Amino acid sequence: LKSITIPASVTSISYKAFFGCSSLSEVNLPQTAISMKSDAFDSTALYNSDSNWDNGALYIDNHLIRVTAVSSSDFVVKEGTITVADNIFYGHDEAAFMVRDTIKTISFPASLMHIGEYNFAALNNLTAINVVENNQYYSSKEGVLFNKDGTTLIRYPGNKTVDDYIVPDRVTEIYSGA
């Protein structure tokens, strides 16, 4: 398998769905939000093409798949990105550990529609998660990640230096691992 086109009817790609398809070098994903599980495209030729990488981040079309290097402590997901896959900072090599220790803030663009699971727990020094104000799906207040209307607390950064945090009154749900 060298190329695949995924239609807009697909809303989820499972864990290691294309794992080991070592010749897979072209994937056309829909311009809609997709729940993309960990390692969906691991061990494919997509990882070997420099054109898929932007500042240490692997993108397939407008979907962020993996981050293996960062140039600063402030990681910015590029504008136009609509999906962040699950576990993008995962890995057991030295580079993955450096990424997880380096990132202090992460910023999401207006275009973002879906953030996968398990993306923040591994970021040992994370102090703030920022979302641009005109994002239609997510918001942040004082570096804490919420859904757009602020009723769901998605993630409180693990290294945020505040002694006392008061959950806003409008919150009705707190995500697991928040």
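The values are calculated or read from the model by the stated rules, or taken from the named source; none is laboratory data. Since the model is a prediction, treat every value here as computed from it, not as a measurement. Backbone-built Cβ (ideal geometry, glycine too); neighbour counts: all protein chains shown. When the accessible area is computed, the model is the full protein with side chains, heavy atoms only, and any ligands, DNA or RNA have been set aside. Shrake-Rupley method; radii C 1.70, N 1.55, O 1.52, S 1.80 Å.
A few notes on this one:
- Residue count for segment 126-137, restricted to those that are touching a strand residue (DSSP E or B) at 6+ places or on another chain (Cβ under 9 Å) and part of a loop (DSSP other than H, G, I, E, B): 6
- Any hit, segment 154-173, residues being open to solvent by 30 Å² or more (accessible area, probe 1.4 Å), closer than 22 Å to ALA33 by Cα, part of a loop (DSSP other than H, G, I, E, B) and of a type in the set (A, V, I, L, M): no
- The residue pairs whose first member lies in segment 90-118 and is closer than 19 Å to ASN159 by Cα, whose second member is open to solvent by 50 Å² or more (accessible area, probe 1.4 Å) and among the charged types (D, E, K, R), and whose beta carbons are closer than 9 Å, counting only pairs six or more residues apart or on different chains, are ILE103/ASP74; LYS104/ASP74; THR105/ASP74; ILE106/ASP74; SER107/ASP74; GLU117/LYS37.
- Restricting LEU123, LEU145, LEU112 to those that are open to solvent by less than 40 Å² (accessible area, probe 1.4 Å), among the hydrophobic types (A, V, I, L, M, F, W, C) and part of a strand (DSSP E or B) reduces the list to LEU145.
- The single condition among (1) touching a residue at least 24 places away in the same chain (Cβ under 8 Å); (2) over 30 Å from TYR165 (Cα atoms); (3) acidic (Asp, Glu) that ASP74 does not meet is (2).
- Pairs, first on the phi > 0 side of the Ramachandran plot and assigned to a loop (DSSP other than H, G, I, E, B) in segment 25-50, second basic (Lys, Arg) and open to solvent by 30 Å² or more (accessible area, probe 1.4 Å), C-beta under 6 Å, six or more apart: ASP39/LYS16
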